[in-house]
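Encoded as structure tokens, the structure appears first; notes follow it.
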Amino acid sequence: MIRLSPSQLDDIHAQAEAAYPYECCGLLAGYRDGDGNIIVTQVVSSPNTWVDRQAETGKDRFEVDPQVRFDLMRAIKSANEEIVGHYHSHPDHPAKPSETDLDMAFEPELIWLITSVENRTVTATRAWQLNRETQDTVEVRLITVP
Ligand SMILES: [Zn+2]
């Protein structure tokens, strides 16, 4: 299970709609509680550096700015938190990992939060995690608690 606050989810949705028809992206910082649940403490947006490099193919892929990741890792180190996942949007595609996403899933411990946007309006957000054995993804329950 992964837990966000409603305002964190609203933040991601606003970014997803603003980035349309391109993908927005960012990182999720937080911690795991005693039951293995993931609690998100921070949603940190990133420029989609893939779009900056080649806009013509940027509609179906994303790349988090390495500097954003570096800065976040440094900021949370003393807070006993870690990067627990990342998020990106799927303009006019379902909220599940694409073939391209699976090709780029190098960090199986991270949660993938994917927001589907149709005509600049968010329709769904779902969370996923890579299953190391099957190399497939499994859905992770997403809940919001203020
Ligand atoms: Zn994707």
Fill in: Among the candidates Asp92, Asp103, residue that is without any contact (Cβ under 8 Å) to a residue 12 or more places away in the chain, of a type outside the set (Val, Ile, Thr) and more than 10 Å from the ligand (Cβ to nearest atom)
Asp103
Worksheet, complete the sentence: Of the conditions (1) surrounded by 19 or more Cβ atoms within 10 Å (Cβ to Cβ); (2) out of contact with any strand residue (DSSP E or B) (no Cβ under 6 Å at 6 or more places or on another chain), the single one that Val84 does not satisfy is (2)
Worksheet item: List, please: which pairs have Cβ atoms under 7 Å, are six or more places apart or on different chains, and start with a residue in the stretch 124-146 that is touching a residue at least 40 places away in the same chain (Cβ under 8 Å) and end with one that is among the acidic types (Asp, Glu)?
Response: Ala127/Glu139
Worksheet, complete the sentence: When every residue in the stretch 109-121 that is of a type in the set (Ser, Thr, Tyr) and more than 11 Å from the chain's Cα centre (by Cα) is compared, the one nearest to the ligand (Cβ to nearest atom) is Ser116
Worksheet item: Asp11 passes all but one of (1) out of contact with any His (no Cβ under 8 Å at 6 or more places or on another chain); (2) under 24 Å from Thr100 (Cβ atoms); which number fails?
Response: (2)
Worksheet item: Mind checking whether some residue in the stretch 59-68 is hydrophobic (A, V, I, L, M, F, W, C), within 15 Å of the ligand (Cβ to nearest atom) and out of contact with any Lys or Arg (no Cβ under 7 Å at 6 or more places or on another chain)?
Response: yes
Fill in: Selection from the stretch 95-125 of residues that are in contact with a strand residue (DSSP E or B) (Cβ under 6 Å, 6 or more places away or on another chain) and not hydrophobic (A, V, I, L, M, F, W, C)
Pro97, Pro108, Thr115, Ser116, Thr123, Thr125
Discussion item. Here's a check for you: in the stretch 1-45, which residue that is within 16 Å of the ligand (Cβ to nearest atom) and of a type in the set (A, V, I, L, M) is modelled with the lowest pLDDT?
Written reply: Ala19
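Let's see how each residue does on (1) closer than 23 Å to Tyr20 by Cβ; (2) more than 13 Å from the ligand (Cβ to nearest atom); (3) in a strand (DSSP E or B):
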| position | (1), (2), (3) |
| --- | --- |
| Ile76 | no, yes, no |
| Ile83 | no, yes, yes |
| His86 | yes, no, yes |
| Glu107 | no, yes, no |
| Arg126 | yes, no, yes |
| Glu139 | no, yes, yes |
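The values are calculated or read from the model by the stated rules, or taken from the named source; none is laboratory data. All values derive from a computational prediction rather than experimental measurement. Every residue, glycine as well, gets a Cβ built from its backbone with ideal geometry; the counts of neighbours run over all protein chains shown.
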